[in-house]
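**Q** Structure provided below as structure tokens; questions to follow.
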Amino acid sequence: MASESLPTRQRRPSMGAPIVDIQGSVGPAGISRPKHKRTFTGFGAGEIKSVEASIPEPQREAWLKHQVSGFKDKDGFESEVVRHVETTLARSMFNCDESAAYSACSLAFRDRLILEWNRTQQRQTFADSKRLYYLSLEFLMGRALDNAMLNIGEKDTAKAGLADLGFRIEDVIEQEHDAALGNGGLGRLAACFLDSLASLNYPAWGYGLRYRYGIFKQEIIDGYQVEVPDYWLDFNPWEFPRHDVTVDIQFFGNVRKSTDENGRTVAHWEGGEIVKAVAYDVPIPGYATPSTNNLRLWSSTAASGEFDFQKFNNGDYESSVADQQRAETISAVLYPNDNLERGKELRLKQQYFWVAASLYDIVRRFKKSKRPWKEFPDQVAIQLNDTHPTLAVVELQRILLDLEGLEWDEAWNIVTNTFGYTNHTVLPEALEKWSVPLIQHLLPRHLQIIYDINLYFLQSVERRFPDERELLGRVSIIEESQPKMVRMAHLAIVGSHKVNGVAELHSDLIKTTIFKDFVTIFGPDKFTNVTNGITPRRWLHQANPRLSELISSKAGGKDFLTDLNELNKIELHVKDKAFRKEWADIKLANKQRLAKHIKASAGVTVDPTALFDVQVKRIHEYKRQQLNIFGVIHRYLTLKAMSPEERKKQQPRVSIFGGKAAPGYWMAKQIIHLINSVGKVVNNDEDIGDLLKVVFLEDYNVSKAEIIIPASDISEHISTAGTEASGTSNMKFVLNGGLIIGTCDGANIEITREIGENNIFLFGNLAEDVEDLRHAHTYGSHEIDPDLNRVFQEIEKGTFGSTQDFAALISAVRDHGDYYLVSDDFHSYIETQALVDEAYRNQEEWITKCITSVARMGFFSSDRCINEYAEGIWNIEPLRVEKEEGA
């Protein structure tokens with residue numbers, strides 16, 4: 001009977017056939033390998049003082065005497081670079097290439113950042129004030145070195161030091177891979193928010209996943225998108241592995257109920273699979289402040305270790321690493337293709353792994369303060385960036401109920417006062433839903449809690465609205481479909497104290513359409529708006545340094561980088577001839593730089609004096625890249641029909657596209673294929689020459705955006721009205737002196753209000769007309785615009801390749817209801833593009849429009865956003881920081 005008391009085995013014994021038939025055990029009974037023991041890091045505010053006091057004086061003096069300080073001037077910087085080249089990289093001046101120079105330069109800046117990073121964490125611990133935790137599945141950070149140089153204020157030092165050592169700073173910066181931690185606007189917004197939180201001295205952490213291969217690296221082969229792994233982690237000096245900060249994450253298993261000594265029912269989640277989360281920390285420097293916040297990324301690894309010696313010794317070599325490979329898939333790729341059931345399971349695994357590890361960390365930090373649980377929302381604010389982290393609501397409730405022993409009502413009150421939810425879409429199909437059977441299989445305890453949350457919520461709704469049975473079905477967290485689905489957006493709303501949209505139109509739409517019933521239940525005060533913004537440090541100062549310098553010369557210094565409203569001072573100089581000439585020269589230089597990049601990457605020669613027309617963003621039907629390329633074909637056909645004399649009078653234009661399509665999004669991939677097929681025909685047509693060029697730039701990312709955006713004359717933000725929540729690239733283009741052609745959608749409306757309707761080219765139907773038009777398409781007559789029909793006929797003739805390749809794009813408009821109103825808006829779009837050509841010919845007026853627009857962009861700073869969130873949602877305060885601390 002002794003065997004009954006043996007501990008449970010942590011993994012199944014090896015099933016490989018033994019080489020020799022040995023009977024009996026060859027290892028200790030009941031144990032397969034040592035279990036990982038977690039190390040707790042850091043001290044609470046009270047503990048740190050007593051720990052410091054316990055260190056003997058001689059030891060403390062020795063530490064203080066040898067305390068490291070970062071470089072302070074050019075000589076110090078050069079010394080650090082040479083030291084890293086010779087000791088960290090084991091190279092010398094004879095074999096130090098640009099890649100090694102980048103590594104050494106990054107390490108020199110990283111060393112300096114670490115000092116401020118440590119001080120910032122100590123300062124936040126001592127202050128013991130409320131912290132924000134920002135949960136986002138994406139953080140599209142871009143390159144870190146240039147950002148660190150500018151935020152610390154030592155780029156000129158680095159430029160001079162690298163020049164002394166024989167390197168151009170531009171070539172060194174180019175060596176860095178973009179951090180592949182995001183894809184679109186959602187991730188870039190999160191990155192801008194981290195920059196602003198640090199720059200404004202707010203105590204805040206970001207939590208995300210450390211994707212080994214990013215979303216994917218996009219290659220264009222024969223006009224098609226091909227996805228390949230993005231090996232961005234080959235050398236990454238900006239992260240710190242925290243092998244002592246690990247969390248065991250449980251999946252599968254079953255739930256057992258028992259009764260404790262107080263007669264309370266307690267749930268025990270048992271069995272299943274354990275995966276280990278390992279923390280990697282990334283310092284986030286603020287601009288012109290010592291504050292350096294933290295972004296913590298989780299990487300997945302096998303809890304049982306990466307190598308099974310037993311299986312290996314039995315000759316089962318593949319299985320010996322199978323546990324590790326299975327665990328690593330969780331943090332391998334952003335947005336794994338979910339067209340397959342296994343892909344859906346992996347996505348849900350990914351989301352739970354990330355929020356469970358993050359909450360463990362947040363709760364651990366709170367418990368060090370020895371405060372009662374009711375004070376948790378006074379110390380912790382957690383923001384859900386879209387629905388991806390919604391399981392955090394359920395996980396915190398599970399922790400409080402099952403692990404900490406709180407009663408349901410007390411626990412739920414803590415949960416709802418802790419979370420805020422940012423909605424990023426009004427498209428019903430984009431609101432996440434997970435099937436009940438999948439959650440039951442993967443997270444059995446969480447499904448029970450979701451059903452309990454739903455029950456209590458629906459009971460409270462029924463008490464207030466007893467005669468509205470249909471309302472219960474509409475707001476239920478569980479969708480009564482086959483199979484039943486969990487509506488994550490509903491769960492996020494019910495589990496949060498504030499829900500915000502990201503532009504005025506978007507926030508109004510969510511209150512009047514998809515979340516209308518919740519406004520009835522919770523009242524309008526729960527729903528608010530925080531219009532998105534961008535950080536001017538990266539999107540003006542870093543991306544467009546010459547324009548930043550020109551603005552600072554007229555705005556009385558660089559204060560506009562921390563108070564973007566200071567930009568309005570340059571409007572006083574709109575008629576200054578020297579200022580206008582320098583403005584135009586900077587734009588031409590930026591266009592020449594982009595033209596050089598286009599030639600190198602796409603092999604197409606473009607004229608920098610042509611009008612650069614840019615649409616770079618995620619490829620999606622609602623963003624309507626198909627409308628743009630149909631318009632390009634229309635322009636091409638119009639030019640072809642002209643005589644050579646007429647063509648000479650036309651405005652030359654370069655149409656530039658960029659963006660990735662999700663691997664499983666077939667229609668978006670066909671749009672990319674059509675753009676490249678049109679480019680192949682147009683760019684080789686001698687009749688057209690430089691009058692029209694079509695370019696698709698592969699693998700669009702932040703560092704490519706920093707080249708493209710400053711070079712834009714007109715940028716396209718042409719989503720179907722009412723579908724784009726906000727958009728932030730529209731703000732980036734205008735801030736860099738480019739104008740917009742767009743629909744009345746997202747933040748375009750607020751940009752119009754700020755810069756004036758004379759400085760933006762709006763077209764198309766309004767959001768309030770969209771539903772009526774869709775209804776008419778389906779149940780009434782649906783006439784295709786004649787100009788668009790001519791475009792379709794040209795495609796169907798085979799002018800741009802096989803007609804079958806693009807039949808679905810045409811059919812979506814002609815035969816399947818034209819859901820995104822491409823035909824309805826086509827005539828207005830073509831007419832507005834003609835107005836753009838006409839306005840661009842009058843360069844004096846065009847420059848006036850550009851300068852005026854930039855001067856009026858002060859509202860669209862992410863600093864303004866963060867202050868609105870801090871005051872209206874998070875209730876957090878910035879910490880006082882003495883500048884001398886960073887000296």
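**Q** Between segment 210-281 and segment 591-658, how far is it from one alpha carbon centroid to the other, in angstrom?
**A** That distance is 42 Å.
**Q** Moving on to the next point. Residues of the chain: accessible area per residue at 1.4 Å, in Å²?
**A** Value returned for the chain: 42 Å² of accessible area per residue.
**Q** Still on this model: Would you kindly give the portion of the calculated P(r) for the chain that falls above 46 Å, as a percent of all Cα pairs?
**A** For the chain, the share of Cα pairs beyond 46 Å comes to 30 percent.
**Q** Test of understanding: express the Cα radius of gyration of segment 438-533 as a ratio to 2.2 N^0.38 Å, with N the residue count.
**A** Here the answer is 1.16, to two decimals.
**Q** Taking Rh as the Kirkwood radius, which is the inverse of the mean 1/r over Cα pairs, what is the Rg/Rh value for segment 727-842?
**A** Result: Rg/Rh = 1.03.
**Q** May I ask which residue of 113, 736, 780 lies farthest towards the positive end of the charge dipole of the chain, with charges of +1 (Lys, Arg) and -1 (Asp, Glu) on Cβ and the Cα centre as origin?
**A** It is 113.
**Q** How many percent of the accessible area of the chain is carbon or sulfur, using a 1.4 Å probe?
**A** C and S fraction of accessible area: 51 percent.
**Q** While we're here: Just the number: Rg to Rh for segment 726-773, Cα atoms, Kirkwood Rh, two decimals.
**A** We get a ratio of 1.00 for segment 726-773.
**Q** Which of 710, 245, 644 sits closest to the plus end of the dipole of the chain, meaning its Cα is farthest towards the positive end, when Lys and Arg get +1 and Asp and Glu get -1 on the C-beta?
**A** Result: 245.
**Q** I've got another one for you. Taking a ≥ b ≥ c as the square roots of the eigenvalues of the Cα gyration tensor of segment 153-209, is the shape rounded (a/c under 1.5), prolate (a/b larger than b/c) or oblate?
**A** oblate
**Q** Pop out the ³J(HN,Hα) list for segment 473-484 in order, Karplus 6.51 cos²θ - 1.76 cosθ + 1.60 with θ = phi - 60°, rounded to Hz; leave Gly and Pro as x.
**A** x, 6, 9, 4, 5, 9, 8, 7, 10, 10, x, 4
**Q** Any idea how far the Cα center of segment 728-794 sits from the one of segment 535-563, in Å?
**A** 31
**Q** For segment 203-294, with equal point scatterers placed on the C-alpha atoms only and solvent neglected, what are the log10 I(q)/I(0) values from the Debye formula at q = 0.10, 0.12, 0.14 1/Å, to two decimals?
**A** After summing over all Cα pairs, the log10 values are -0.57, -0.72, -0.84.
**Q** Next question. Could you state the orientation-averaged shadow area of the convex hull built on the Cα atoms of segment 626-670, in nm² to one decimal?
**A** Answer in nm², one decimal: 3.8.
**Q** Sticking with this one: Once you charge only the Cβ atoms, +1 for Lys and Arg and -1 for Asp and Glu, what is the size of the charge dipole of the chain about its Cα centre, to the nearest 20 debye?
**A** In debye, rounded to 20, the chain gives about 1600.
**Q** While we're on this one: Whole-Å semi-axes of segment 594-747's equivalent ellipsoid, largest first, each the root of 5 times a Cα gyration tensor eigenvalue?
**A** 24, 17, 16
**Q** Measure up 498/849; 669/693; 130/558; 72/732; 433/511; 587/648 against 28 Å on the Cα-Cα distance and list the ones that go over.
**A** 498/849; 130/558; 72/732
**Q** Now, a different point. Once you place label points 7 Å from the Cα toward the Cβ at residue 783 and residue 373, how far apart are they in nm?
**A** According to this spin-label approximation, the distance is 6.6 nm.
**Q** Note down the magnitude of the dipole of segment 589-712 about its Cα centre, charges +1 on Lys and Arg C-beta and -1 on Asp and Glu C-beta and zero elsewhere, to the nearest 20 debye.
**A** Taking the Cα centre of segment 589-712 as origin, the dipole is about 320 debye.
**Q** Hey, what do the phi angles of segment 558-572 turn into as Karplus ³J(HN,Hα) couplings, whole Hz, using 6.51/-1.76/1.60 and θ = phi - 60°, x for Gly and Pro?
**A** Here the 3J(HN,Hα) series is 9, 4, 5, 6, 10, 9, 5, 5, 5, 4, 4, 5, 6, 5, 5 Hz.
**Q** Also: Which loop trypsin sites (Lys or Arg not before Pro) in segment 775-879, with loop taken from DSSP, have no more than 13 other Cβ atoms within 10 angstrom of their Cβ?
**A** 797
**Q** Run the dipole for segment 201-292 about the Cα centre, Lys and Arg Cβ at +1, Asp and Glu Cβ at -1, nothing else charged, and hand back the magnitude in debye, nearest 20.
**A** Result for segment 201-292 is approximately 320 debye, rounded to the nearest 20.
**Q** Where Rh is the Kirkwood radius over the Cα pairs of segment 242-308, the temperature 37 °C and the viscosity 0.692 mPa s, what D in µm²/s does Stokes-Einstein return?
**A** It diffuses with D of about 214 µm²/s by this estimate.
**Q** Okay, moving on. Can you pull the Kirkwood radius for segment 637-707, inverse mean 1/r over Cα pairs, to one decimal in Å?
**A** Averaging 1/r across every pair of different Cα atoms and inverting gives 13.9 Å.
**Q** Another question about this same structure. Whole number please: convex hull volume per residue, Cα atoms of segment 527-569, in Å³.
**A** Once divided by residue count, the hull of segment 527-569 is 69 Å³.
The values are calculated or read from the model by the stated rules, or taken from the named source; none is laboratory data. Since the structure is predicted, the reported quantities are computational estimates derived from the model, not experimental observations. For neighbour counting, all protein chains shown are included, and Cβ atoms are generated from backbone atoms with ideal geometry for every residue, glycine included. The accessibility values were calculated without ligands, DNA or RNA, using every heavy atom of the protein model including side chains. Shrake-Rupley method; radii C 1.70, N 1.55, O 1.52, S 1.80 Å.
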